[in-house]
Amino acid sequence: MMAGVSVALGGAALALMPYLPGIPTKIALTTIGVALPSVIYVIGQAVVSELTPVAQRGALLAIGTAVSTSAGPLAPYVMGSVIETAVTPLDGFNTGFMICGVIMLAGGLIGMALIRPERDAMRWVSVTPAPAIGSA
């Protein structure tokens, strides 16, 4: 829940930032919008490691890292395209931040609705076969 809330609040801050007056307000909301979702990077690997069976742990950690770092090459292209198609660069930046914020807000809400580590851990325990008696 903490991760979903932090992403949703960060997204809301970025989505609202273009519409509020004052440079200090915009700087504060941008800082909040970028800093709050960083919780995901801190706890994400630990949650995956805790929930995933040992045999699949490495693959899921690699997949999670690949997905989470895909923004590195994609974000400049997407933001650049938004800025280039806008009437002015400022309008483009505002639209880009708003799009990013809405996507983060939606992702945070989806995460809060669907992610339940305790439930998932119990499901994995019930799926994992018990070792045979007398086997090492």
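The values are calculated or read from the model by the stated rules, or taken from the named source; none is laboratory data. Because the structure is a prediction, the values reported are computed rather than measured. Using ideal geometry, Cβ is built from the backbone for each residue, glycine included, and neighbour counts are taken over all protein chains shown. SASA here: full protein model, heavy atoms, side chains in, ligands and nucleic acids out. Shrake-Rupley method; radii C 1.70, N 1.55, O 1.52, S 1.80 Å.
Observations on the model:
- Most mobile of Thr69, Thr95, Thr30 in a GNM of the chain (Cα contacts under 10 Å): Thr69
- Spin-label model, Leu74/Val102: points 7 Å from Cα along the beta carbon direction are separated by 1.7 nm.
- Annotation: extensible slack from Thr25 through Leu114 equals 28.8 nm (criterion: 0.36 nm per residue apart, minus Cα-Cα distance).
- Computed lengthening from Ala66 to Thr85, 0.36 nm per intervening residue step minus Cα-Cα distance: 3.9 nm
- Span-rule helices in the chain, defined as complete DSSP H runs reaching 24 Å or more along the axis (Cα) with Kyte mean at least 1.0: 89-114
- Mean residue ellipticity (222 nm) of the chain, computed from DSSP H runs ≥ 4 via -39,500 (n - 2.57), nearest 500: -26000 deg cm²/dmol
- Accessible solvent surface per residue of the chain, calculated while the other protein chains remain in place, 1.4 angstrom probe, Å²: 67
- Computed over segment 43-95: relative contact order in percent, which uses C-alpha pairs under 8 Å that are six or more apart: 19
- Protection-proxy order for peptides 77-85, 12-20, each taking the mean of Cβ atoms within 10 Å per residue, highest first: 12-20, 77-85
- Cα gyration tensor category, rounded, prolate or oblate, for the chain with a/c compared to 1.5: prolate
- Net charge dipole size for the chain [Lys, Arg +1 and Asp, Glu -1 on Cβ; Debye, nearest 20]: 240
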